[in-house]
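The values are calculated or read from the model by the stated rules, or taken from the named source; none is laboratory data. All of these numbers come straight from a predicted model, not from anything done at the bench. Methodologically, a virtual Cβ is constructed for each residue, glycine included, from the backbone with ideal geometry; neighbour enumeration extends over all protein chains shown. These area figures cover heavy atoms from the full protein model, side chains too; ligands, DNA and RNA do not enter into them. Shrake-Rupley method; radii C 1.70, N 1.55, O 1.52, S 1.80 Å.
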Amino acid sequence: KHEDIQWRNPMTDEDFIAFVKKECKHYGVKLSLRDSLYCRYGGINMSGGFDDGNRILVCAKRADGFIGILAHEYCHMMQWAEKSPLWVKCGEERSYEAWNKHLCGEKVEMSAHFENMRDLELDNEKRTVAIIKKLKLDIDIEFYIKKANAYIMFYNYMKITGLWAKPGNTPYSNE
């Protein structure tokens with residue numbers, strides 16, 4: 001929970017990146033900050049991701065809202081490191097595996113997995129908002145929360161359509 005770390009308040013973007021690098025090193029996670037708009041990882045384009053199996057946190061530095069995305073992926077790493085019950089449940093029920101198979105076109109019964117992933121993302125968005133506030137990151141918190149709500153609602157939509165968002169048509173950029 002890192003209560004012993006002395007944080008500069010407000011924390012600059014550079015300070016936050018250095019903090020995440022230090023945390024990744026502490027947990028044995030590779031940090032890959034890519035000079036791109038999107039990261040191609042696990043068969044899809046995304047702004048960022050955390051993979052506990054390969055112990056890597058990836059984030060596209062030119063993605064709109066990069067620091068917020070990095071905070072989001074950092075919080076996923078913390079769900080893993082803290083063995084969050086939702087993270088453990090997704091692992092035990094193999095929701096990530098089903099998710100990746102589904103996104104790559106395989107037929108997989110996804111109903112429960114969509115719910116698991118949505119609940120995990122909701123927990124993570126709450127964590128992300130808390131860390132943005134705690135560190136006083138230079139992020140418009142009300143706008144971030146609106147984007148987070150759209151992202152969570154998107155999981156309900158995916159349960160119906162089975163489709164992931166295409167680059168440039170993210171749930172939080174779509175009216």
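Just list whichever of LYS101/LYS136; LYS21/LYS159; LYS21/LYS147; LYS107/LYS133; LYS101/LYS133 have alpha carbons separated by over 30 Å in the model shown. Working shown, then result.
On the way: LYS101/LYS136 38 Å; LYS21/LYS159 34 Å; LYS21/LYS147 25 Å; LYS107/LYS133 41 Å; LYS101/LYS133 36 Å.
With Cα atoms farther than 30 Å apart: LYS101/LYS136; LYS21/LYS159; LYS107/LYS133; LYS101/LYS133.
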Exercise. Over segment 86-140, average the accessible area per residue using a 1.4 Å probe and give it in Å², no decimals.
Key: 56 Å²
Exercise. Sort out for me the Cα centre separation of segment 35-92 from segment 99-157, rounded to whole Å.
Key: 11 Å
Quiz item: What angle do you read, to the nearest 10 degrees and between 0 and 90, between the alpha-carbon axis of helix 13-27 and the longest principal axis of the chain?
Solution: 70 degrees
Quiz item: Rolling a 1.4 angstrom probe over the protein heavy atoms, how many square angstrom per residue are accessible across segment 43-83?
Solution: 35 Å²
Practice problem: Return the lysines within reach of LYS134: Cα separation strictly under 16 angstrom, same-chain partners fewer than 8 residues apart disregarded; answer none if there are no such residues. | Solution: LYS1, LYS126
Self-check item: Nearest 10 degrees, 0 to 90: helix 66-81 Cα axis against the chain principal axis
Solution: 80 degrees
Quiz item: Size of the dipole of segment 32-120 about the Cα centre, Lys and Arg at +1 and Asp and Glu at -1 on the beta carbon, nothing else charged, in debye to 20?
Solution: 280 debye
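Ranked highest first by the average count of other Cβ atoms within 10 Å around their residues, in what order do 26-36, 70-80 fall?
Numbers: 26-36: 14.0, 70-80: 22.9.
Result, highest mean Cβ count within 10 Å first: 70-80, 26-36.
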